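Visitor: Below: one structure in structure tokens.
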Amino acid sequence: MTILTYLLMSTPQGGEQGSGLMTFLPLILIAVVFYFFMIRPQTKKMKDQKKFTEEVKKGDKVVTIAGIHGRILEIADDYFMLEIDANVKIKIERSAVSMDATSAMRSKENR
């Protein structure tokens, strides 16, 4: 065998080899940061959206995910009847409601 093979196969001279935990510590820290900055806020937002769509009642002004503003006329199990103008009604899925229009208007006024 050559000297190069012996050098490559030998252990480092200056210190001990790192433990298994120390080699995986950066990966564990990245996973924790990813959870707290990406996954947790997204699940909280989904929970708030579901709560909002369950609490919507007849007469509330809402905004759909397509940006259509309207007032709730009828509530069924899986859809809303939305009035967007005088005598103009559309049927939308519950999941298509994005936010409360009155709170959206307040947030725009506060800017």
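Visitor: Residue check: is PHE52 at pLDDT below 90, assigned to a helix (DSSP H, G or I) and in contact with a strand residue (DSSP E or B) (Cβ under 8 Å, 6 or more places away or on another chain)? Full working, then the answer.
Guide: Working: at pLDDT below 90: yes; assigned to a helix (DSSP H, G or I): yes; in contact with a strand residue (DSSP E or B) (Cβ under 8 Å, 6 or more places away or on another chain): yes.
In short, yes.
Visitor: Can you work out which of the residues in the stretch 25-81 that are among the β-branched types (Val, Ile, Thr) and farther than 11 Å from VAL97 by Cβ is most open to solvent (accessible area, probe 1.4 Å)?
Guide: Here is the first cut: in the stretch 25-81, the ones among the β-branched types (Val, Ile, Thr) are 28, 30, 32-33, 39, 43, 53, 56, 62-65, 68, 72, 75.
If we keep only those that are farther than 11 Å from VAL97 by Cβ too, we end up with 28, 30, 32-33, 39, 43.
Details: ILE28: 83, ILE30: 110, VAL32: 71, VAL33: 78, ILE39: 75, THR43: 76 Å².
Among residues in the stretch 25-81 that are among the β-branched types (Val, Ile, Thr) and farther than 11 Å from VAL97 by Cβ, the one most open to solvent (accessible area, probe 1.4 Å) is ILE30.
Visitor: Only residues that are among the small types (Gly, Ala, Ser) and part of a strand (DSSP E or B): list them for the stretch 55-80, please.
Guide: GLY70
The values are calculated or read from the model by the stated rules, or taken from the named source; none is laboratory data. What you see is a predicted model; the values in this text were computed from it and never measured. Ideal geometry is used to build each Cβ from the backbone, glycine not excepted, and the neighbour counts take in all protein chains shown. When the accessible area is computed, the model is the full protein with side chains, heavy atoms only, and any ligands, DNA or RNA have been set aside. Shrake-Rupley method; radii C 1.70, N 1.55, O 1.52, S 1.80 Å.
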